Each structure stands twice: as C-alpha cells, then as structure tokens.
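What follows is a set of notes on a single structure, which appears directly below.
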Amino acid sequence: MQNAQGLIKTSRVISAVFSVLFAVTSSSVVFATESAGESANDAAYEAAIANMGEHPDVAERMVNKRDDAVGLLDRMLFLLAFKDDSPARTSDIQALQTKIDQAVAPLTDGYMRAVVGPTVVFDGTALSLEPTIVLASSTGFANTHSAFYAIPCAVLQKKPELLDVTAPMFGGNRDNFMPRSGCVWGRGEVADYPIDALSSYMYVADGATGDMFGPNQGSIRFAQAAAQQWGMQIAMLDPDALLPAPPGSRKPFEVWSYLSWANRDVFNAITRELSTTRKALISYWQSNGKDRETATEIARNTLFSVVYGADCDTAVPLNSLRVMLVDDRPLTDIEKVAQQNTGQDGDLFENCAAYAGIDPLLHIAVARPESLDVLRANGYFDDVEARNGFGKTALMAAAQRGSLTAVKWLLDHGADVAARTDPGDEWLYPRHGQRTALHYAAASGAIEIVKVLIKAGAERGATDDLGFSGRDYLLGRDDLPGNATISAADQAALLQILDPDGK
C-alpha cells in the first residue's frame with residue numbers, strides 16, 4: 001500500500017511547477033463553488049471512491065446518494081467502468097451527461113469550445129464522454145481539488161483510454177485545470193506500484209527540469225508541466241503508450257550533464273535515484289506478468305517520460321574533450337585528441353546549451369589541473385578570463401571545486417583575482433551577482449585557496465550586489481545555505497582569515 005508520506009511527496013513533485021514555480025491565474029476560468037472537500041460526508045465518500053475497485057457496491061451506493069457536480073461526474077464514470085453494457089446503462093449515462101453538459105455550457109467560452117470541440121451523445125465508448133469530462137474540470141464545475149477534477153483510479157484502471165482526457169491540450173495556463181489521474185491525486189491507488197521511488201526520482205530530477213523550463217517564458221510552462229505529469233499517469237496505467245526512450249544506453253540528462261560541473265553534480269544525484277527506481281519498476285512489471293526484457297523497456301521509457309527535457313540532444317560525443325575531462329579519461333588520450341584538434345565542442349551540445357547554457361571548456365578542465373598545460377600547449381585556453389552565461393570565470397570555478405593547483409595555474413597565467421560575476425536578478429539564477437572568486441572559495445571552505453587569493457590581491461571584505469561577504473557565504477545567511485560540512489576548527493580558522501577583526 002502507498003503510505004501517506006509517499007502521497008505527500010508525489011503531490012509536492014507534481015505540483016512544484018504548477019503551484020510554486022508559476023503563479024496560477026486565469027480570469028476566464030470559473031472556479032467550483034462546491035467540491036469534494038465541502039461534502040458533509042466527504043471522508044466516507046472519498047474512502048468509497050478510493051476503494052471502488054475492491055468494493056464497487058459501496059462506491060455505487062455513495063455516488064448514487066450524491067447529487068452535486070462531483071457526484072454526477074463520479075456516478076457517470078462509475079457506470080461506464082463498472083456496469084455491463086445495456087440499454088438501461090446507456091440511458092443512465094446519457095441522462096447524467098446531459099445534466100452535466102447543460103450546467104457546464106454557460107461556463108465555457110469560445111476558445112475553450114474551439115479547443116475541446118463539441119460534446120457528443122454517449123455512444124457506448126469512453127471517447128464520447130471525453131469532451132464532457134474535460135469541460136467539467138476545466139470550467140471548475142466539478143472539481144475534487146482546488147483547480148481540477150481527479151478521475152477515480154479504479155475507473156482509469158478499468159478504462160485506461162480515459163487517460164486521454166488528462167493530456168494537455170491548451171498549450172498554456174488552462175492545462176493546469178485539465179482532469180488528472182486519481183491514482184496520483186489521492187482518489188485510489190495502483191496496488192504495489194513503486195510510487196514512492198518514482199516520486200523521489202522526479203523530486204531529484206527537478207534540479208535539471210528547471211533548466212529545461214527556463215527558456216520558455218509565459219503560460220506555455222503550464223503545458224510543459226502538465227505533459228510531465230501526464231507521463232507519470234501513463235506510466236502507471238498504460239505503459240505501452242509511453243514514448244520510447246532514446247536508443248542506446250544513455251541516461252536521462254546525460255548529455256545535459258556535460259555542460260557544467262554544477263549540472264554533473266545534479267546528474268549524479270539523479271542517477272543514484274534512477275538506479276533504485278529502475279529496479280523497483282522492473283520488479284513491479286515482472287510481478288504483473290511482463291518478461292524481464294519488456295519490464296526493463298517499460299522502466300527505461302518511464303524514467304525518460306516522467307521528467308521534462310531528459311533528452312535534449314543526440315548520443316554522448318565520446319571524443320569531445322569536454323566529455324573526456326568529465327569522464328576522467330587518461331591524460332594521454334586527452335592529449336592525442338587535443339593534438340589532432342578534434343575535441344572542440346562545435347555544435348555537439350547546441351540543443352542542450354539552448355536550455356541550460358554551457359560553461360567554457362576551461363571551467364571543466366580546472367577539475368583536471370594536470371590537463372591545463374597539455375591543452376594550452378595545443379592551442380586551448382588563450383583566454384583565461386573566459387566566462388559562462390552569468391559572468392563566472394575559470395578562477396571562480398576552480399575556487400568552487402576546491403582545486404588549489406588550478407587556482408595557482410590560473411593566477412600564474414594572468415587570471416583577474418578581482419573579477420566579478422554579472423549583476424544578479426531576484427527572479428533569475430543566480431540571484432546573487434557581483435561575486436568574486438573569494439566568495440566561491442569561502443562557500444567551499446577552501447582555506448588554502450582563500451589564502452592564495454588574498455595573497456594575490458583579493459579583497460577580504462568584498463561583498464556581492466546584495467551585500468553578502470565571504471563570511472556570509474561560509475556561515476550562511478538568508479537564502480545562502482553556508483558550508484555545512486566544514487569542521488568547527490577549519491571554520492574558525494577560515495573566519496580568522498576572512499574577517500580577522502571579527503566584524
């Protein structure tokens with residue numbers, strides 16, 4: 001059984017984009033005046049809905065007693081999923097459909113009707129009910145949650161074709177009000193499905209999906225978030241309908257991970273969660289009758305489908321110097337490629353870089369300081385001040401990675417110890433601008449690097465554009481987390497260097 005913590009985490013993951021990253025506003029949507037939460041017998045009713053598959057008789061009694069908007073829609077779908085085809089069933093569904101359609105009609109607008117299409121009389125198929133369900137949710141007529149209607153999980157398990165109504169169709173804000181799967185939103189569950197593992201994977205992957213959402217401004221972000229949520233619903237109930245994962249063996253966000261060391265750190269965390277989730281998915285599908293090969297394919301398709309932007313490029317270019325450095329390939333191999341001048345990035349990462357930006361190759365090489373002389377001797381790194389998209393220099397990158405050797409090499413080759421990042425923007429990453437290499441070194445707790453930077457002329461008390469000093473980056477202040485891994489003794493020693501007067 002799915003535990004409460006798993007449900008909470010799943011809701012947080014799926015609602016992160018809808019409820020935190022983007023403000024949900026819509027002047028044209030009429031919100032429901034009555035919802036499942038306002039029913040006097042809500043707890044008993046929702047328990048019956050959640051257990052509809054095991055106890056349909058109880059659910060039937062409950063939906064027959066409820067005459068509000070949610071009750072009408074639940075009753076119509078119960079009849080569709082749990083009653084045998086008959087003239088009486090058809091007549092009952094048509095009567096409920098007519099009642100819903102008539103109530104919803106005044107709430108719709110021209111754009112909504114154009115996108116969804118006209119309602120059609122129930123003809124025995126789930127398809128004929130789809131416009132009715134979409135409009136009932138999108139107008140706010142029958143919402144089980146604040147902004148949408150969640151289809152009972154047991155109904156979807158009987159009629160997985162109804163997942164079509166949960167797919168984004170408006171291409172913007174209004175997709176936030178589309179119907180959703182009750183299997184994810186608390187109206188039943190898929191027994192033994194590894195929802196906790198999958199939601200943990202999605203939670204960690206959010207560190208990468210933010211990059212993918214970033215360049216797309218406006219309400220299209222809602223459609224992209226809805227597509228991500230839809231992928232999870234399909235994965236649970238109709239895995240054969242998932243889009244196939246990219247060919248080969250690459251993992252979600254693998255190409256993206258080579259753009260910067262920060263990306264690589266996120267990718268490594270994602271990969272750790274991915275391993276656990278993959279095993280859980282394979283085990284689940286094998287226990288449900290799939291052979292090992294099919295279960296493995298479903299798991300891979302799932303891991304790519306439930307996160308946005310998991311594959312932003314082609315296969316990993318193995319002979320790119322960037323890839324060779326990150327993958328810790330032998331220096332002799334790196335030198336050979338450098339001598340042949342075949343390791344330039346060119347447009348190999350163009351698609352990913354369009355979303356996330358790309359750090360200069362020198363920023364990558366600082367983590368492999370033994371490569372710096374080799375690459376410079378072969379025509380690389382003429383510009384030691386090469387900056388990334390927000391003005392970060394290689395010296396800052398080396399200080400952040402804690403590479404004392406690279407810091408000394410860069411200073412010896414003319415790196416500007418007083419260089420600063422671009423001004424910050426409170427709505428964009430990074431919020432703090434005008435940072436120096438000393439800020440990065442302090443945040444990393446790198447005592448020897450701080451000493452070298454100060455000796456080279458770094459200003460001890462330099463502040464970023466929000467007034468935060470190296471001391472603040474070490475200890476943490478407001479939105480700065482500080483360094484939680486440094487020992488008390490090293491912290492005291494570093495504070496003495498950064499702020500000898502104790503101000």
Exercise for review: Calculate the radius of gyration of the Cα atoms of the range 59-106 to one decimal place, then report Dmax, the largest Cα-Cα distance, as a whole number, both in Å.
Suggested key: 10.6, 33
**Study point:** Dipole magnitude of the chain about its Cα centre (Cβ charges: Lys, Arg +1; Asp, Glu -1), debye to nearest 20
**Key:** 480 debye
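For Ala299, what is the net charge nearby, where nearby means another residue's Cβ is under 9 Å from its Cβ and Lys, Arg count +1, Asp, Glu -1? Before the final figure, lay out the partial values.
Numbers: positive: Arg278, Lys279, Arg300; negative: Glu297.
Taking every other residue near Ala299 into account, the sum is +2.
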Review point. Relative to the present Cα-Cα distance, how much length would full extension add between Ser146 and Leu495 at 0.36 nm per residue of separation?
Key: 120.7 nm
Practice item. Can you quote the Å³ per residue value for the convex hull of the Cα atoms in the range 345-458, rounded to an integer? Key: 98 Å³
Review point. Taking the Cα centre of the chain as the origin and placing charges on Cβ (Lys, Arg +1; Asp, Glu -1), which of Val104, Leu321, Asn143 is farthest toward the positive end of the dipole?
Key: Leu321
Study note, to complete from the structure: Of the candidates Gly424, Leu404, Gly457, the farthest towards the positive dipole end of the range 366-498 (Lys/Arg Cβ +1, Asp/Glu Cβ -1, centred on the Cα centre) is Leu404
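Using a 10 Å cut-off around each Cβ, can you sort Arg329, Arg368, Arg431 from fewest to most neighbouring Cβ atoms?
Working: Arg329 17, Arg368 20, Arg431 14.
Starting with the residue having the fewest Cβ neighbours, the order is Arg431, Arg329, Arg368.
Stokes-Einstein at 37 °C, 0.692 mPa s, Kirkwood radius from Cα pairs: D for the chain in µm² s⁻¹? All intermediate terms of the calculation are to be shown ahead of the outcome.
Details: Rh = 25.8 Å.
This corresponds to a translational diffusion coefficient of 127 µm²/s.
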Review point. If you take the charge dipole of the chain about its Cα centre, with +1 on Lys and Arg Cβ and -1 on Asp and Glu Cβ, which of Met202, Gln94, Pro481 is farthest toward its positive end?
Key: Pro481
Check your understanding: Whose amide H sits under 5 Å from the amide H of Arg180, counting only residues 5 or more places off or on another chain, with H placed in the peptide plane?
Key -> Tyr149, Ala150, Ile151
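Between Arg431 and Ser86, what's the calculated FRET efficiency when r is the beta-carbon distance and R0 is 45 Å? Round to 0.05.
On the way: r = 62 Å, r/R0 = 1.38.
Plugging the Cβ-Cβ distance into 1/(1 + (r/R0)^6) gives 0.15.
Every number in this text was worked out from the coordinates using simple rules, so none of it is lab data. This structure is a prediction, so every number in the text was calculated from the model and none was measured. When we count neighbours, we look across all protein chains shown, and the Cβ atoms used for this are built from the backbone with ideal geometry, even at glycine.
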